[in-house]
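Just so you know, all these numbers are worked out from the coordinates, no wet-lab data involved. Here the structure is a predicted model, which means the values were calculated and not measured. Reconstructed Cβ throughout: ideal geometry from the backbone, glycine too, with neighbour counts over all protein chains shown.
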Amino acid sequence: MLELYHHGSSVCAAKVRFALAQKNVHVDTLHYVDILKGEQFDPAFLRINPKAVVPSLVHDGRVVNESTVICEYVNDVFPGPSLAPKDPYARSKMLIWTKIVDEQLHPACAELTFVCCHRHIISRLGDEGLEQFLDNTPADSVTTTWKRRKREIVRMGFDAPGIKDTIRLYDKILKRMEAALAEGAWLAGDAFSLADIAVAPYVNRLDMMSMAGMWAGGRLPRVEDWFSRIKALPSFKSAFLDWCPEELTNDLKRYGERSWPAVRDIISTYGGDANG
Ligand SMILES: N[C@@H](CCC(=O)N[C@@H](CS)C(=O)NCC(=O)O)C(=O)O
């Protein structure tokens with residue numbers, strides 16, 4: 001019995017849905033946790049995931065948390081095409097990417113998404129509801145500073161301290177992808193792997209927020225080509241798009257478009273020169 005706790009716009013949940021789909025693994029029950037309405041703070045879910053974050057996988061009653069760990073677990077436990085290179089050097093390259101995602105790209109994405117879009121969505125909870133939402137975030141959540149950062153970003157938007165560095169870090173990681181893709185068709189070399197699965201949701205997040213100018217139009221051509229190959233995979237639609245409700249898809253697009261000039265300016269002022 002396989003159960004997945006997930007959410008439509010969660011990059012980490014999309015990563016796990018992508019890995020499951022690439023392995024052709026059937027999930028018996030999908031539990032939708034609306035993290036923009038505060039359902040992650042429900043005591044029953046906190047018993048599964050004390051950080052109040054999605055995704056969580058429950059396999060025959062045993063909980064597996066942390067999306068990177070879940071993807072490794074899925075790859076090890078289920079038959080189907082291997083998503084990890086056998087060659088130790090290629091494997092080390094794959095693990096570097098999953099580390100970059102966990103340590104840098106994911107925290108940057110949480111901040112970028114909140115400053116551009118999610119702060120507007122959760123403000124619909126009203127003053128009291130929003131205060132409770134911010135208060136309910138555990139001290140150790142997305143990161144150990146997320147509770148404070150989320151409040152700062154919701155209150156201050158693009159004036160929140162450090163937000164420019166966050167956006168530049170995101171851009172630098174895209175450039176690192178461009179360099180890696182000069183060495184092979186996929187991020188860890190010649191074979192598609194958990195590295196591509198780990199990074200794809202973060203490029204898709206920018207795409208859904210109408211920020212493809214970060215790579216398109218000749219800026220990062222290998223990233224553009226890589227993402228078009230990711231999008232062409234039969235699993236892409238079900239893993240990335242179908243679970244995102246229409247209203248949320250529209251919000252990501254609308255608020256993303258509104259935020260793009262600010263993001264583009266931040267990138268341009270350190271010499272990044274985004275297109276569009
Ligand atoms: N390191 C965790 C991070 C999970 C995470 O940050 N999940 C986000 C969605 S992508 C979340 O649930 N956020 C809830 C919140 O911000 O309150 C993992 O990889 O599973």
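Would you mind calculating the gained length between Asn275 and Arg254 on full extension (0.36 nm times residue separation, minus the Cα-Cα distance), in nm to one decimal?
Details: separation 21, 0.36 × 21 = 7.56 nm, distance 1.85 nm.
Contour length minus the Cα-Cα distance gives 5.7 nm.
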### Message
What's the magnitude of the charge dipole for the chain around its Cα centre, counting Lys and Arg as +1 and Asp and Glu as -1 at the beta-carbon? Answer in Debye, nearest 20.
### Response
460 debye
### Task
Just the number, please: percent antiparallel of the DSSP beta bridges in the chain, rounded to the nearest 5.
70 percent
### Residue-by-residue Karplus 3J(HN,Hα) for the stretch 81-94, coefficients 6.51, -1.76, 1.60, Hz, glycine and proline x
x, 6, 9, 10, x, 6, 4, x, 6, 4, 5, 5, 5, 4
### Query
Anyone know which of Pro43, Pro85, Pro55 comes out most mobile in the 10 Å Cα GNM of the chain?
Pro43
### Query
Can you list the lysines whose alpha carbon is less than 17 Å from that of Lys15, not counting same-chain residues fewer than 8 positions off?
Lys23, Lys99, Lys231, Lys237
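For a 18 Å ceiling on Cα separation, which of these pairs sit above it: Lys51/Lys150; Lys37/Lys164; Lys51/Lys147?
Details: Lys51/Lys150 14 Å; Lys37/Lys164 27 Å; Lys51/Lys147 11 Å.
Listed pairs above 18 Å: Lys37/Lys164.
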### Summary
Taking a ≥ b ≥ c as the square roots of the eigenvalues of the Cα gyration tensor, with a/c under 1.5 meaning rounded and otherwise prolate when a/b exceeds b/c and oblate if not, the chain is oblate
### Mean shadow area of the stretch 137-184 over all directions, Cα convex hull, nm²
4.3 nm²
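Please arrange Arg254, Arg264 by counting, for each residue, the other beta carbons lying within 10 Å of its beta carbon, fewest first.
Details: Arg254 14, Arg264 19.
Lowest to highest Cβ neighbour count: Arg254, Arg264.
Rounded, prolate or oblate: which fits the stretch 148-253 when a ≥ b ≥ c are the square roots of the eigenvalues of the alpha-carbon gyration tensor, with rounded for a/c under 1.5 and prolate only if a/b beats b/c?
Details: a/c = 2.11, a/b = 1.35, b/c = 1.56.
Oblate.
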### Query
Considering the alpha-carbon set of the stretch 1-136 alone, what are its Rg and its Dmax in angstrom?
16.3, 54
### Summary
Rounded to the nearest 500, the 222 nm mean residue ellipticity computed for the chain from DSSP H runs (n ≥ 4, each -39500 (n - 2.57)) alone is -16000 deg cm²/dmol
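By its C-alpha gyration tensor, with a ≥ b ≥ c as the square roots of the eigenvalues, how is the stretch 2-77 shaped: rounded for a/c under 1.5, else prolate for a/b larger than b/c, else oblate?
Numbers: a/c = 1.86, a/b = 1.50, b/c = 1.24.
It comes out prolate by the Cα gyration axes.
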